[in-house]
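Where a number appears in this text, it was derived from the coordinates with a stated rule and is not lab data. On a predicted model such as this, the values are computed, not experimentally measured, just so you know. Here the Cβ positions follow ideal geometry from the backbone for every residue, glycine too, while neighbour counts run over all protein chains shown.
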Amino acid sequence: MSRFWSPLVHDLKPYVPGEQPRIEGLVKLNTNESPFGPSPRAMAAISAAANEALRLYPDPQALALRETLAAYHGVSPAQVFVGNGSDEVLAHAFAALLKHEAPLLFPDISYSFYPVYCRLFGIEHVTVPLDATLAIDPADYRRPAGAIILPNPNAPTGVALSRAQIAGLLAEHPDIPVVIDEAYVDFGGESAIPLIADHPNLLVVQTMSKSRGLAGLRVGYAIGDVALIEALVRVKDSFNSYPLGRPAQAGAIASVEDEAFFQAGRAAVIATRERMTQGLVELGFEVLPSAANFVFARRPGHEGAALTAALRERAVLVRHFAGPRTADYLRISVGTEPQVDRLLSALAEIVGEG
Ligand SMILES: *Cc1c(COP(=O)(O)O)cnc(C)c1O
């Protein structure tokens with residue numbers, strides 16, 4: 001607190017990112033990073049971009065990257081917006097598209113950055129409870145709304161809506177912006193990108209941080225109708241014209257071009273997720289059906305906070321969210337096979353089945 005602060009700052013409630021501690025031999029399953037890292041081709045492109053040209057500003061429009069993403073997703077470059085991580089893309093979407101007279105709707109259990117942006121940008125919002133199975137029911141969004149944002153698959157539950165369900169939601173809300181945050185879509189979800197052609201109110205946001213192992217590079221993007229993209233560009237160019245440096249643009253392009261590495265990585269995560277789920281069920285956990293690179297699981301008779309602390313003592317980090325409907329659960333990222341073995345043996349010890 002300081003008298004030098006702008007009044008706005010007093011009222012902010014900043015997002016708390018998962019910790020990045022230095023613990024020897026740590027099994028880090030708390031921030032949904034990729035266990036495999038980036039494509040070797042992306043790393044080579046990043047190194048190659050670290051040259052004398054760094055003297056010059058990067059392309060403010062990141063046209064080469066937008067062309068690569070457009071070709072990959074079957075849209076035009078004018079339908080693609082890129083930013084410094086999808087968090088920045090989302091921030092611009094909140095400012096550019098989601099502030100209206102009627103409230104913004106999003107699920108009560110969802111990405112905890114959404115209420116943070118609402119405060120920062122002064123956006124009135126209403127949270128819509130997940131159903132009894134902790135899934136999103138699109139029918140619950142039939143209420144006055146200025147805009148809607150949902151992660152699909154949802155975070156931190158991992159539960160996905162089908163593309164048909166998203167199409168149903170769009171059919172019911174043709175006159176307001178709908179943003180689908182697809183940070184985890186590559187692990188078993190169905191992207192809404194094919195719906196963009198028929199829905200000028202749909203913005204789909206994706207990231208290179210999870211399925212492409214590039215959380216440290218900070219590249220995210222949005223795809224939608226050109227008018228929505230134009231709104232994002234107007235906000236971006238009122239904030240930071242150069243959100244992506246030269247190495248980030250080069251590395252992101254090379255990552256998209258390495259389809260074989262991408263496919264192998266996501267297939268491995270999905271296979272390990274299924275084995276991890278099986279192992280958790282054998283230890284008495286209830287595991288929500290996940291289409292993401294993490295699972296949301298609880299063990300009756302054990303509090304989430306206590307389990308998290310006991311795992312931490314064994315150098316296994318998972319994420320816990322306080323709150324009435326989430327406090328029992330652990331959100332556990334899918335790691336490598338040996339990391340999952342460490343997780344399961346630590347949990348066996350803790351719940352007394354070891
Ligand atoms: C991780 C995540 C993001 C943001 O990722 P970036 O690293 O900023 O691209 C956005 N939405 C959800 C739901 C996430 O879990």
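Amide hydrogen proximity for residue 215: with H placed 1.01 Å from N in the peptide plane, the residues at 5 or more positions away or on another chain lying under 5 Å are 34. Our compactness index for the range 166-271, the C-alpha radius of gyration over the empirical 2.2 N^0.38 Å, is 1.18. Mean shadow of the range 209-291, computed from the convex hull of its alpha carbons, in nm²? One quarter of the hull surface, i.e. the mean projection, equals 8.0 nm².
Given the C-alpha centroids of the range 64-105 and the range 177-224, what is the distance between them in whole angstrom? Taking the Cα centre of the range 177-224 as reference, the centre of the range 64-105 is 9 Å away. If you take the square roots of the eigenvalues of the alpha-carbon gyration tensor of the range 1-95 and sort them as a ≥ b ≥ c, do you get rounded (a/c under 1.5), prolate (a/b over b/c) or oblate? It is oblate, given that a/c is not under 1.5 and a/b is not larger than b/c.
Counting helices only, and only those DSSP H runs with n ≥ 4, report the 222 nm mean residue ellipticity of the chain as the sum of -39,500 (n - 2.57) divided by its residues, in deg cm²/dmol to the nearest 500. About -11000 deg cm²/dmol. Spin-label pair residue 54-residue 139: with each label point 7 Å from Cα along the Cα-Cβ axis, the two points sit 5.7 nm from one another. For the chain, a Gaussian network of Cα nodes joined below 10 Å ranks 114, 329, 57 by mean-square fluctuation, and the top entry is 57.
Think of the chain as having a plus end and a minus end, set by charges on the Cβ of Lys, Arg, Asp and Glu; of 241, 1, 159, 1 sits farthest toward the positive end of this dipole.
Derived from the Cα gyration tensor, the three semi-axes of the equivalent ellipsoid of the chain are 32, 26, 21 Å, largest first.
Shape verdict for the range 78-205, please, from the Cα gyration tensor: rounded (a/c under 1.5), prolate (a/b greater than b/c) or oblate. Since a/c stays below 1.5, the shape of the range 78-205 is classed as rounded.
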